[in-house]
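Any read-out appearing in this document is the output of simple, stated calculations on the displayed coordinates, not a laboratory observation. This structure is a prediction, so every number in the text was calculated from the model and none was measured. Neighbour counts run over all protein chains shown; Cβ positions are idealised from the backbone, glycine included.
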């Protein structure tokens, strides 16, 4: 089953929201790779926060619904997210202007894009088939609500586990968002 274009779905439909976010992730990778040395860290920080929030919300909202009809698909996506989260945590420790960072970022980009494609090929069609429009709207709203309070940094110990995201995510989010606010005031 091919997915409808995001524009053909209501704005609050979880499938359309995720397709738009996947497109934005692809754009953000290119922005980081095109950025000059002085701008690269800021672009990466935006990508890092977006991905951390996005993946947490998927694990909290989308994955449990997928698991109801196909535990194998849900498990595979959770494992991919755990792997990507660990890679993101390593990238966060690197100097964004280094050659090692660019090489690692390109590997990470391949991993994330492959994960998004697997979701679009295996998971989102399943959501369209098994969830009616009202349920997908509720899921879309829940996804956006989860993103509003999700951690903005990778937390490999919780990645890939919806239960851990629910248990630890809110506390990690407060810590992350406080750290981001302080960093914005006191850069460097």
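Just a few scattered comments:
This table checks each residue for (1) assigned to a helix (DSSP H, G or I); (2) surrounded by 13 or more Cβ atoms within 10 Å (Cβ to Cβ); (3) in contact (Cβ under 8 Å) with a residue 40 or more places away in the chain.
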position	(1), (2), (3)
32	yes, yes, yes
47	yes, yes, no
55	yes, yes, yes
58	yes, yes, yes
65	yes, yes, yes
104	yes, yes, no
110	yes, no, no
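- Counted residues, region 1-30 - those being surrounded by 20 or more Cβ atoms within 10 Å (Cβ to Cβ) and in a loop (DSSP other than H, G, I, E, B): 2
- When region 34-45 is filtered for residues that are assigned to a helix (DSSP H, G or I) and within 21 Å of residue 113 (Cβ to Cβ), the ones remaining, listed by number, are 34, 40, 43, 44, 45.
- Within region 32-51, the set of residues being within 9 Å of the chain's Cα centre (by Cα) and more than 16 Å from residue 94 (Cβ to Cβ) comprises 49, 50.
- Residue 92 assigned to a helix (DSSP H, G or I), surrounded by 15 or more Cβ atoms within 10 Å (Cβ to Cβ), within 17 Å of the chain's Cα centre (by Cα) and in contact (Cβ under 8 Å) with a residue 40 or more places away in the chain: no
- Checking each residue in region 69-79 for being without any contact (Cβ under 8 Å) to a residue 60 or more places away in the chain and assigned to a helix (DSSP H, G or I) picks out 71, 72, 73, 74, 75, 76, 77.
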